[in-house]
Amino acid sequence: MMRTTGNLAQALGLESGSGTRPYGERIRRTIFGQATLGFLLGYLLLHPVSMVIFRLLDPSYGQNMGGMIGNPILGPLFHSFTIGMLPMGLAFAVVSAIAGGVNGYYRSTILLQRDDLAQQANRLTEQNLRLAELEEANRRNTRFMVHDFKNHLACIVGFSDRLLRKEPEEGDEERVQALSRIRRQAYQMLGAVSDLLDFAGLKETYKLHAEEITVSELITESVTDCSIPEHEEQVSVGPMCKQCPPVWGDSRLLRRVLTNLVSNALKHNPAETRVTVDAEAIEGEGKIVFSCRDNGRGVPAEELSNLFGEFRTGRTESRDATGLGLAFCKLAVEAHGGSIWCESGEGRGACFLFSLPLER
């Protein structure tokens, strides 16, 4: 208890060694001022008024008052300042001084807390502005850096494609394999850079460019734009998407979502994995559900809940995974008013699904 009291006194600046001594001085001055005011009010106002009230409640009590006894107001007022009434007047004054001191203490502490909160709010505002400036600078640098990476990677991909299109000479298999690896790694890096750029852009105040989209064309274009061209034969388009009505959305973002899902299915599964992309209209619920199904190794049940978090990579994914692809898909789908989820189990393939509302 003594320790708690000491901490409170130190916090209020009442201890001599406290670093907030000006606060303690302000509290003491306020308490002294309020106590003095209370003392004067108690002796000069409350005591005489109480005597008048006693006289009105008990007229016989006025016979003991000297001076102008016949006047029920002035008689008690003058009588209250006589020597005989001094103890009673001091009692009123002391009680009023205590009440005034307590009021001054709480009033000063509340005012000091208000001042401290105002100063903290000002400091937080300045810090928030500084953080906003730093965050904007970081976003700007990230965009510049990612755009530069995309240009360099596009050159690597273009030159490797050009060299691979040349007729291989006898005994040149090692060169062809090396170029194929370079191109494959460049495509993977390009996909990672695109994920980073799109994810950063979507977390900012991105404005959707909504338009009417034909579902079957969207899926076909997404499969064609897949970031790993040598696996195109493993990807097929399902038959249900041709029966879907048009949907409103940002075609660029939705293509990136489908491309990410297809690329993930191909990159993180064995080479013989087959992928099917389709969509189905759920008329009763007013939405279209897109699906990307594969017959690969599947996703363990314990990883499904965190699958769409930022920088989350499962143990079944390759080491070059950035952990941003599915997080971007989640942001993009939710920006359209939809939802995304995965149905899977280890060893039985995976099916990634997302829904989009039919209404604009």
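The values are calculated or read from the model by the stated rules, or taken from the named source; none is laboratory data. Since this is a predicted model, take the numbers as computed values, not measurements. In this analysis, Cβ positions are derived from the backbone assuming ideal geometry, glycine residues included, and neighbour counts consider all displayed protein chains.
Given the criteria part of a helix (DSSP H, G or I) and surrounded by fewer than 13 Cβ atoms within 10 Å (Cβ to Cβ), does Arg107 qualify? No: the conditions fail for Arg107.
Residue by residue, here is whether (1) exposed (fewer than 15 other Cβ atoms within 10 Å of the Cβ); (2) without any contact (Cβ under 8 Å) to a residue 12 or more places away in the chain; (3) hydrophobic (A, V, I, L, M, F, W, C) holds:
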residue	(1), (2), (3)
Leu77	no, no, yes
Ile83	yes, yes, yes
Pro87	yes, yes, no
Ala93	no, no, yes
Val102	yes, yes, yes
Gln113	yes, yes, no
Asp116	yes, yes, no
Asn122	yes, yes, no
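The set of residues in the range 266-280 being in contact (Cβ under 8 Å) with a residue 40 or more places away in the chain and out of contact with any Phe, Trp or Tyr (no Cβ under 8 Å at 6 or more places or on another chain) consists of Leu266, Lys267, His268, Arg274, Val275, Thr276, Glu280.
Tell me yes or no: at least one residue of the range 153-161 is in a helix (DSSP H, G or I), in the same structural domain as Phe32 (by TED's automatic domain parsing), exposed (fewer than 14 other Cβ atoms within 10 Å of the Cβ) and more than 30 Å from the chain's Cα centre (by Cα). No, there is no match, as no residue in the range 153-161 is in a helix (DSSP H, G or I), in the same structural domain as Phe32 (by TED's automatic domain parsing), exposed (fewer than 14 other Cβ atoms within 10 Å of the Cβ) and more than 30 Å from the chain's Cα centre (by Cα). Evaluation of Gly84 against the conditions (1) within 30 Å of Tyr187 (Cβ to Cβ); (2) modelled with pLDDT under 80 shows that the sole unmet condition is (1).
Checking Gly284 against (1) modelled with pLDDT of 90 or more; (2) closer than 17 Å to Pro357 by Cβ: exactly one of these is not met. Which one? Result: Gly284 fails condition (1) only.
Within the range 229-241, is even one residue in the same structural domain as Cys351 (by TED's automatic domain parsing), within 34 Å of the chain's Cα centre (by Cα) and not polar (S, T, N, Q)? Checking the range 229-241: not a single residue is in the same structural domain as Cys351 (by TED's automatic domain parsing), within 34 Å of the chain's Cα centre (by Cα) and not polar (S, T, N, Q). Does Ser194 qualify as being within 33 Å of the chain's Cα centre (by Cα), in a helix (DSSP H, G or I), surrounded by 12 or more Cβ atoms within 10 Å (Cβ to Cβ) and at pLDDT 80 or above? For Ser194, the condition - within 33 Å of the chain's Cα centre (by Cα), in a helix (DSSP H, G or I), surrounded by 12 or more Cβ atoms within 10 Å (Cβ to Cβ) and at pLDDT 80 or above - is not met. Out of everything in the range 298-326 that is small (Gly, Ala, Ser) and closer than 17 Å to Ala265 by Cβ, what residue ends up being modelled with the lowest pLDDT? Checked the range 298-326; the qualifying residue modelled with the lowest pLDDT is Ser318. Looking at the range 209-305, the strands (runs of 3 or more DSSP E) lying wholly inside it that each contain 3 or more residues that are farther than 19 Å from Gly349 by Cβ and of a type outside the set (S, T, N, Q) sit at 211-213, 247-249.
The combined condition, being buried (at least 16 other Cβ atoms within 10 Å of the Cβ), closer than 19 Å to Ser355 by Cα and at pLDDT below 75, is fulfilled by Leu202.
Screening the candidates Gly33, Gly66, Gly62 for the property of being exposed (fewer than 13 other Cβ atoms within 10 Å of the Cβ) and either part of a helix (DSSP H, G or I) or modelled with pLDDT under 85 (or both) yields one hit, Gly66.
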